[in-house]
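The structure appears right after this line, and notes come after that.
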Amino acid sequence: MTNGADESDLADDPNELTVWFERLDPLQVRTYDDAPIRDDYSNIYFVGTGKSRAHAGRPGRRPDCIPADAPAHWSHDLWAGELPPAIPRCADCAKRHPRPSPSASR
Ligand SMILES: [Zn+2]
């Protein structure tokens, strides 16, 4: 946790913000027989959906709106760019960092 003293330095240029993915529902690997995973993976199945939520952030600066105990990782995807439709954007981040709409120019 930072003390936020340099928060005012943030230019909040949506074109520079990148995406943090918060893992909402981790995808877990289980085995049918509770044995170790076989070499040919014939005894595994998956639990969970692997669902994620996108937040606007910067490398090394985890957004505060991601719960402290939630797994999250930074990506180089631009916040202003397109995301997979299955991954919703955090409402707080969307309000704080509105994306420039390409269709709003006309
Ligand atoms: Zn957020």
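Would you pick out the residues in the range 68-80 that are exposed (fewer than 12 other Cβ atoms within 10 Å of the Cβ) and within 18 Å of LYS95 (Cβ to Cβ)?
none
Can ALA80 be described as more than 21 Å from LEU24 (Cβ to Cβ) and more than 13 Å from the chain's Cα centre (by Cα)?
Values: more than 21 Å from LEU24 (Cβ to Cβ): yes; more than 13 Å from the chain's Cα centre (by Cα): yes.
Considered against the rule, which asks whether it is more than 21 Å from LEU24 (Cβ to Cβ) and more than 13 Å from the chain's Cα centre (by Cα), ALA80 comes out as yes.
Looking at the structure I just gave you, is ARG89 in contact (Cβ under 8 Å) with a residue 40 or more places away in the chain and among the basic types (Lys, Arg)? I'd like the intermediate steps shown before the answer.
Numbers: in contact (Cβ under 8 Å) with a residue 40 or more places away in the chain: no; among the basic types (Lys, Arg): yes.
Criteria not met by ARG89.
None of the figures in this text is laboratory data; all of them are computed from the coordinates on show. Since the structure is predicted, the reported quantities are computational estimates derived from the model, not experimental observations. Reconstructed Cβ throughout: ideal geometry from the backbone, glycine too, with neighbour counts over all protein chains shown.
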